[in-house]
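Taking it in order: structure first as structure tokens, then the write-up.
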Amino acid sequence: MAWSQSIGANIGALADSTRLNRYRTYIPEWAHEWLDVIVPGLQILLIVVVAMLLHHTVRRLLRRAARLYHLPMELVRPIGGVVRWFIIGGAFLMCLERLGVSATVLWTAFSSFAAVGAVAFFAVWSVLSNFFCALLIFTVRPFRIGDYIEIIDSGEKPGARGQVIDIDMLFTTLRDVDAAEPNTQLHVPNTLIFQKMVRHWRHAPYPREPSAVHPGPPAAAEPAAEPEPAPSKPE
């Protein structure tokens, strides 16, 4: 809020009556009544243009960082959305201030929205924790798509394991290598990966048992051998 007030104060200097009085002699008398409308309109237009330029610059910087550091789009898009709404909110507050809304009223409204947002944040913490864990997976890179991982529950009990085929904001999807049916998928919450030990392979691991992975069809029973004919007795 402080930065918006400082920027608004700098832009509001255009409306200073002492500075406008210098140019009233160069403006026709019929236009003097419109100065109270033209100046705030120009200020709002300037705020909108600066906000659009800032959003365009930040978006280009995010795309360049994504190409430079090989960041996935699943990470870049949410960050871009947060930055976009932050710029829109700041520009909206400054426009209201230029229209004559008191800064105290704006600060009260902002504090109320922040309090409601904090309550909502704690209410959906279980979902947002998966989102933050996804950000850590994308940045720290403990494993990548195509690798094989196993989530170890305990020393004696084997956990779920498979090939990583997708990572989104909530789940890490594995292709189960121990399922009897092919193409069986496991959706593991991202928070579980940071709460458990994870065993990691670059290549396909060996199955736990020789027949643990996709057992083949049962072998067909061999046909019974035909009995040999009894030798005939001589007459």
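Working ranking of peptides 143-151, 35-43 by packing, defined as the average number of other Cβ atoms within 10 Å per residue, highest first, is 143-151, 35-43. Put Thr172, Thr104 in order of accessible area, highest first, and with a 1.4 Å probe you get Thr104, Thr172.
The apolar share of the surface of segment 66-112, taken as the fraction of accessible area on carbon and sulfur atoms (1.4 Å probe, ligands and nucleic acids excluded), comes to 73 percent. Using a Förster radius of 35 Å, what is the FRET efficiency between Arg144 and Phe113 based on their Cβ-Cβ separation? Nearest 0.05, please. Plugging the Cβ-Cβ distance into 1/(1 + (r/R0)^6) gives 0.35.
Largest first, how would Leu46, Leu186 line up by accessible area (1.4 Å probe)?
Output order, biggest surface exposure first: Leu46, Leu186.
When all protein chains stay in place and ligands, DNA and RNA are ignored, the 1.4 Å accessible-area order of Val198, Val105, largest first, is Val105, Val198.
The values are calculated or read from the model by the stated rules, or taken from the named source; none is laboratory data. Fair warning: this is a prediction, and the values are worked out from it, not measured in the lab. Every residue, glycine among them, receives a Cβ derived from its backbone with ideal geometry; neighbour counts consider all protein chains shown. For accessibility, only protein heavy atoms count, side chains too; no ligands or nucleic acids. Shrake-Rupley method; radii C 1.70, N 1.55, O 1.52, S 1.80 Å.
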